[in-house]
Number of protein chains: 4
Amino acid sequence: MQGYTDDKDRLLKRLRRIEGQVRGIARMIDNDEYCIDVLTQVSAATKALQAVSLGLLDEHLKHCVTDAVANGGKEADDKVKEASEAIARLVRS
Amino acid sequence: MQGYTDDKDRLLKRLRRIEGQVRGIARMIDNDEYCIDVLTQVSAATKALQAVSLGLLDEHLKHCVTDAVANGGKEADDKVKEASEAIARLVRS
Amino acid sequence: MQGYTDDKDRLLKRLRRIEGQVRGIARMIDNDEYCIDVLTQVSAATKALQAVSLGLLDEHLKHCVTDAVANGGKEADDKVKEASEAIARLVRS
Amino acid sequence: MQGYTDDKDRLLKRLRRIEGQVRGIARMIDNDEYCIDVLTQVSAATKALQAVSLGLLDEHLKHCVTDAVANGGKEADDKVKEASEAIARLVRS
């Protein structure tokens with residue numbers, strides 16, 4: 001059971017769509033399509049991946065961090081620290 | 001023939017690796033792996049896609065924009081405008 | 001009293017430094033310095049602002065969100081929602 | 001004379017506005033305003049700085065890179081390489 005469990009089907013569907021986008025980009029390159037058109041698709045796939053990150057993070061805060069805080073103790077601090085580090089990785093990716 | 005043509009094999013290899021990363025993320029979610037571990041992999045795939053964008057853009061500037069400028073005329077202005085718009089989409093994705 | 005209160009002096013010092021960076025960029029432009037050198041300084045100031053955001057968000061999660069969750073009730077949900085929205089704005093800026 | 005010379009007044013005005021935004025953020029922190037409200041302003045200032053970067057880069061491509069390419073020779077390659085590196089710093093900031 002994870003923060004994202006209730007959202008699992010929707011997440012898997014989105015990842016399958018992103019996988020298809022990446023495969024489509026490879027096909028465009030294989031067919032020598034125009035650089036800027038390829039770039040537009042890479043930006044779209046990047047945005048779709050970032051939306052997955054934001055969704056995962058939201059569920060993580062809503063469930064895992066909230067539960068840890070409700071239980072109290074050192075685990076709560078660790079969870080918040082871990083979430084902050086994940087946010088920093090996300091902003092810098 | 002596109003700006004990235006000389007780099008095609010390497011680009012296709014990178015995209016296949018990213019496709020595998022995205023499939024791996026779906027598998028992690030299917031196996032209920034820990035949110036933060038999933039997030040780390042999504043950030044890695046996002047970074048890999050951004051590196052593809054930067055590579056495509058570099059080749060585009062090096063070849064397509066440079067050729068258009070060398071040929072002169074309105075096409076050169078259009079190419080620079082198009083490249084700037086692609087950079088803006090990249091920075092905002 | 002805010003999440004960042006303990007960190008206030010350090011935050012104010014960082015913001016004064018960023019203000020100085022922005023003023024320095026204006027001076028560079030006024031002196032017709034080379035575009036790429038100006039761009040390097042704008043990227044540095046942007047990174048410094050993002051670091052301020054990440055610091056504020058970390059303190060907000062550590063204090064405000066944690067307190068709201070410990071107190072329970074609807075306020076906790078609202079705080080998490082609000083934090084997620086701020087993270088999304090941050091990733092997309 | 002730089003790529004941005006024709007745009008100098010507008011750029012200086014934007015930078016003065018950003019300087020004011022950063023000073024306003026410091027004032028908000030000094031007045032213990034709510035974290036999320038501060039964060040919203042930091043995101044706005046970050047976006048404004050990124051818009052300055054995109055503007056500078058566009059002018060740089062339009063003038064400096066284009067001129068170097070028209071003159072031909074090794075300088076053209078160097079300018080394109082330098083521009084690509086600046087774009088990479090921008091995307092990763």
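Here, each number is a calculation from the coordinates, and none is a lab measurement. The structure displayed is predicted, hence computed values, not measured ones. Heads up, the Cβs are rebuilt from the backbone with ideal geometry, glycines too, and the neighbour counts pull from every protein chain shown.
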*Can we say residue B:59 is in contact with a Cys (Cβ under 8 Å, 6 or more places away or on another chain) and either touching a residue at least 40 places away in the same chain (Cβ under 8 Å) or in a helix (DSSP H, G or I) (or both)?*
yes
*Any idea which residue in region C:57-81 is nearest to residue D:39 (Cα to Cα), counting only those that are more than 7 Å from chain A (Cβ to nearest Cβ) and crowded, with 18+ Cβ neighbours inside 10 Å?*
C:60
*asked:* Residue under question is residue D:87, and the condition is that it be crowded, with 19+ Cβ neighbours inside 10 Å, closer than 17 Å to residue B:93 by Cα and in contact with a helix residue (DSSP H, G or I) (Cβ under 7 Å, 6 or more places away or on another chain); does it hold?
replied: yes
*Given the conditions (1) among the hydrophobic types (A, V, I, L, M, F, W, C); (2) more than 15 Å from residue A:12 (Cβ to Cβ); (3) free of Cβ contacts under 8 Å to residues at least 40 places away in the same chain, report the number of the one that residue B:25 does not fulfil.*
(2)
_Quick check on region B:23-36. Is at least one of its residues within 14 Å of chain D (Cβ to nearest Cβ), of a type outside the set (Lys, Arg) and out of contact with any Lys or Arg (no Cβ under 9 Å at 6 or more places or on another chain)?_
no
